[in-house]
Structure formats: C-alpha cells, structure tokens
Amino acid sequence: MAIFILRERATSRSMVVRARCTSCARTVAVENAGAEGTMVWRDPNLSSVELVRETDKPGLILKSD
C-alpha cells in the first residue's frame, strides 16, 4: 500500500496514512478525524492528498532536525 499525506488547507493540520488509493486515504483520515470533524478530510476544497511513496520499499518518510 502507498503512503499519503493529507493536509487541511485552512490550517497546518495534517495526517500521514497508508492506503491503496487517494480516496482510500481520505477514508482513513475520516476514520481517524479528531475535533476538526470528518468534512475536512472528505472535501477536496478543504484538504489535499499527496502521494509520498508508492511501494513498501524501505525509505525515510519523516525527519525532524
């Protein structure tokens, strides 16, 4: 399964999820929504979905210095 990052357009809120496709990534985000609610992750006008990695190959996903 691929790795996606979903970003809320109005804030800096984001989620990194593993899913089969972009719509599947939105579903995972909806299932894990917090106080922001589910509409943010359902609506493409309110959030974006970006493919980070297509395969399960080892590699760096997130790094903070």
| query | Which one of these does V52 not meet: (1) at pLDDT 95 or above; (2) surrounded by 11 or more Cβ atoms within 10 Å (Cβ to Cβ)? | reply | (1)
| query | Checking G34 against (1) within 14 Å of the chain's Cα centre (by Cα); (2) surrounded by 10 or more Cβ atoms within 10 Å (Cβ to Cβ), which single condition isn't satisfied? | reply | (2)
| field | Qualifying positions in region 21-65 - in contact with a Lys or Arg (Cβ under 8 Å, 6 or more places away or on another chain) and among the small types (G, A, S) | value | S47, S48, G59
| task | Starting from region 26-43, take each residue that is farther than 11 Å from L6 by Cβ and list its partners that are part of a helix (DSSP H, G or I) and not polar (S, T, N, Q), counting only C-beta distances under 6 angstrom and pairs at least six apart or across chains. | result | T38/V30
| request: Would you check which residues across region 1-46 are outside any loop (DSSP other than H, G, I, E, B) and among the charged types (D, E, K, R) and list them? | output: R7, E8, R18, R26, E31, R42
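The values are calculated or read from the model by the stated rules, or taken from the named source; none is laboratory data. Note that the structure is predicted; figures quoted are calculated from it, not measured. Heads up, the Cβs are rebuilt from the backbone with ideal geometry, glycines too, and the neighbour counts pull from every protein chain shown.
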